[in-house]
1. Output yes when any residue across segment 366-386 is free of Cβ contacts under 8 Å to residues at least 24 places away in the same chain, assigned to a helix (DSSP H, G or I), among the hydrophobic types (A, V, I, L, M, F, W, C) and outside the structural domain of R281 (by TED's automatic domain parsing), and no when none is.
2. If you scan segment 539-552, which residues turn out to be touching a residue at least 12 places away in the same chain (Cβ under 8 Å) and either loosely packed, with under 15 Cβ neighbours inside 10 Å or of a type outside the set (K, R) (or both)?
3. Given the conditions (1) assigned to a strand (DSSP E or B); (2) more than 21 Å from G482 (Cα to Cα); (3) under 32 Å from the mean Cα position of the chain (by Cα), which single one is not true for L508?
4. Can you confirm whether segment 507-529 contains a residue that is among the charged types (D, E, K, R), buried (at least 16 other Cβ atoms within 10 Å of the Cβ) and assigned by TED's automatic domain parsing to the domain that holds V472?
5. Looking at K348 and the list (1) at pLDDT 95 or above; (2) assigned to a loop (DSSP other than H, G, I, E, B), which single condition is not satisfied?
6. Suppose we keep only residues that are assigned to a loop (DSSP other than H, G, I, E, B) and surrounded by fewer than 16 Cβ atoms within 10 Å (Cβ to Cβ) within segment 110-140. Which one would you say is modelled with the lowest pLDDT?
7. Pick from segment 553-566 the residues that are part of a strand (DSSP E or B) and under 32 Å from the mean Cα position of the chain (by Cα): which of them is surrounded by the fewest Cβ atoms within 10 Å (Cβ to Cβ)?
8. Q285 fails exactly one of the following numbered conditions: (1) surrounded by 19 or more Cβ atoms within 10 Å (Cβ to Cβ); (2) out of contact with any His (no Cβ under 9 Å at 6 or more places or on another chain); (3) modelled with pLDDT of 95 or more; (4) not hydrophobic (A, V, I, L, M, F, W, C). What is the number of that condition?
Amino acid sequence: MGKKKTRAKMHWRLIDLHLHTPASGDYQQPEASYLEVLQRAEARGLDVIAFTDHNTIAGYRRMQEEIHQLELLEKLNRLMPDERARLTEYRRILGKMLVLPGFELTATFGFHILAIFPPEKSVRDIEHLLISLNIPTEKLDEGSALIGASSDVLTAYRLINQAGGLVIAAHANSSNGVAMRGFPLGGQTKIAYTQDPNLHALEVTDLEVKGRRSTATFFSGTKPEYPRRMHCIQGSDAHRLKVDPQRKKNLGVGDRVTEVLLPETSFEALLELFLSNDFARTRPQRPIEEPAFDFVQAAREEGSNIVQDFHDGMSVRGGKRYAIIADVCAFANANGGTLYVGLSSDPKNQIAGIQNPEGSVAQLEKEINDRISPPLQCTLDVHETAGKNVIRILIPRGDDPPYAVDDNKIYVRSEADTGLAVRDEIVDLVMRGLPQPAAKADQIEGPAAQLGEPVEPVSMEEVVKQPPRTGVEIVSVEERSGGSYYTVRDLRNGNVVKNVTQKSARRLWHYAITSFSQYPDNLAKANVNWEGELGLVKRWKQGKSVRYDLVQRVNSDYRYYFGVTDDGIHGPWEKLVGREDE
């Protein structure tokens with residue numbers, strides 16, 4: 001059955017999951033006490049914090065030891081007045097704020113990983129995990145970021161997750177982050193480090209930045225190389241109580257935090273959030289005077305794409321309800337996604353809304369449960385935008401494909417379009433649904449071994465030869481029985497589909513076949529903007545998305561690419577279409 005969240009019982013809470021204490025060797029105010037760290041967090045209005053010292057749990061342990069010592073003195077009736085005041089203050093703050101144990105691991109190549117645990121996790125268990133991650137026993141209390149050869153990134157993700165911890169890539173887009181720019185590792189390694197199933201979230205330093213160059217946008221699930229959408233949060237990485245007045249980049253407690261929508265203040269609620277595919281429940285902290293963030297309107301401004309779409313109504317007449325069910329099926333067969341019902345994708349159009357949202361949710365749940373097989377767990381809820389109620393449907397990536405409507409209609413997602421799958425696509429879905437062989441132990445020791453790719457960076461010569469990463473390629477055409485049969489390649493996933501005709505082709509394929517049939521035999525004489533071996537044939541728009549028709553000279557032959565989106569442009573193609581390299 002579909003699941004509904006009771007939004008009224010949820011509240012926005014402030015979290016800072018990246019705090020250092022005097023237990024870190026590079027803490028800038030070593031004279032500060034652990035109680036002062038808590039008092040500063042309270043003053044900043046934080047609901048949840050985590051002590052994440054470098055390669056140690058010593059800070060959290062010392063705080064606990066201090067509290068236990070004070071409690072022992074209390075039990076013996078030997079508390080001094082100042083000690084009683086400290087214990088009272090500890091109890092008061094810990095009664096209203098959740099403080100989680102954790103550490104910031106320095107993994108292979110110096111990449112930093114946050115490991116955060118429930119308060120019930122014993123310090124001894126966490127220290128045992130640190131030893132398993134190759135932190136030398138003699139350095140467990142040093143709090144140093146420089147600890148020699150520790151575990152590789154993927155092994156660290158796996159062991160922390162298996163130990164029940166939250167796994168967050170620390171300042172992923174910045175120094176010592178797994179997605180930092182300019183680090184000499186192969187692209188497949190970066191993919192592995194940011195898409196691994198044991199990784200729960202990315203901590204970024206540009207969460208408040210909007211536009212296609214922000215880290216959150218990059219990991220929104222639209223990039224073909226990064227199909228898993230990632231939860232992105234921000235943390236202060238505080239190494240002091242308050243911001244350094246001389247060096248503003250040295251933040252203090254709570255100077256860069258995240259708001260999360262939770263039903264309760266608990267580790268379990270945080271974990272549930274990061275395991276969900278609801279990406280509207282995290283946001284950078286917003287000043288009280290700012291209007292509430294309308295994530296529905298923000299999604300509408302992004303428009304339809306590979307992970308989201310919009311429907312202005314759900315009436316049976318006109319096939320609107322069936323179109324919603326088909327999209328649910330298509331998203332489940334792809335990488336999941338979000339549907340908004342009650343508004344179109346064009347922000348200029350008036351929002352229609354849903355007149356009876358609760359009844360409509362019940363109707364859609366019934367349709368999804370009755371018409372899509374195998375069973376699919378979707379989440380449906382109601383949101384208000386511009387004074388109108390709309391329905392949101394969160395569709396997971398299905399783990400038992402292919403999914404079908406009415407038992408035999410299998411839909412797939414191609415960029416912003418949904419269409420019936422053809423034979424070769426159905427075969428690919430069936431293969432994806434088969435049990436995969438378990439990875440061998442030695443396959444997860446190397447940084448990119450899970451993907452079976454080399455670590456070495458790709459040479460520029462190889463980059464030039466690589467096609468765009470979205471759109472379709474017309475591979476070949478064959479004349480049979482008076483008809484033309486095309487072989488096309490989906491550039492997003494590399495799947496090759498044979499025996500496509502102009503009549504059977506989906507929208508983008510139909511466009512590509514029609515355009516291809518009109519190309520002259522010798523493109524060297526055609527109106528093509530050439531940049532070396534790469535050519536721009538046409539730039540056009542579909543909705544809010546800019547698309548490109550491209551060609552590539554390979555020896556004396558050509559390769560043809562149609563409907564390439566900005567997400568598929570990379571390397572030398574950037575210069576060809578006039579875009580800066582990301």
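The values are calculated or read from the model by the stated rules, or taken from the named source; none is laboratory data. Only a predicted model underlies this, so the values are computations on that prediction, with no experimental measurement involved. All Cβ positions, glycine included, derive from the backbone under ideal geometry; neighbour counts span all protein chains shown.
1. No, there is no match, as no residue in segment 366-386 is free of Cβ contacts under 8 Å to residues at least 24 places away in the same chain, assigned to a helix (DSSP H, G or I), among the hydrophobic types (A, V, I, L, M, F, W, C) and outside the structural domain of R281 (by TED's automatic domain parsing).
2. R539, Q542, G543, S545, V546, Y548, D549, L550, V551, Q552
3. Going through the list (1) assigned to a strand (DSSP E or B); (2) more than 21 Å from G482 (Cα to Cα); (3) under 32 Å from the mean Cα position of the chain (by Cα), L508 breaks only (1).
4. no
5. (1)
6. Selected residue: P136.
7. Looking at residues that are part of a strand (DSSP E or B) and under 32 Å from the mean Cα position of the chain (by Cα), I get Y560.
8. Status for Q285: all satisfied but (3).
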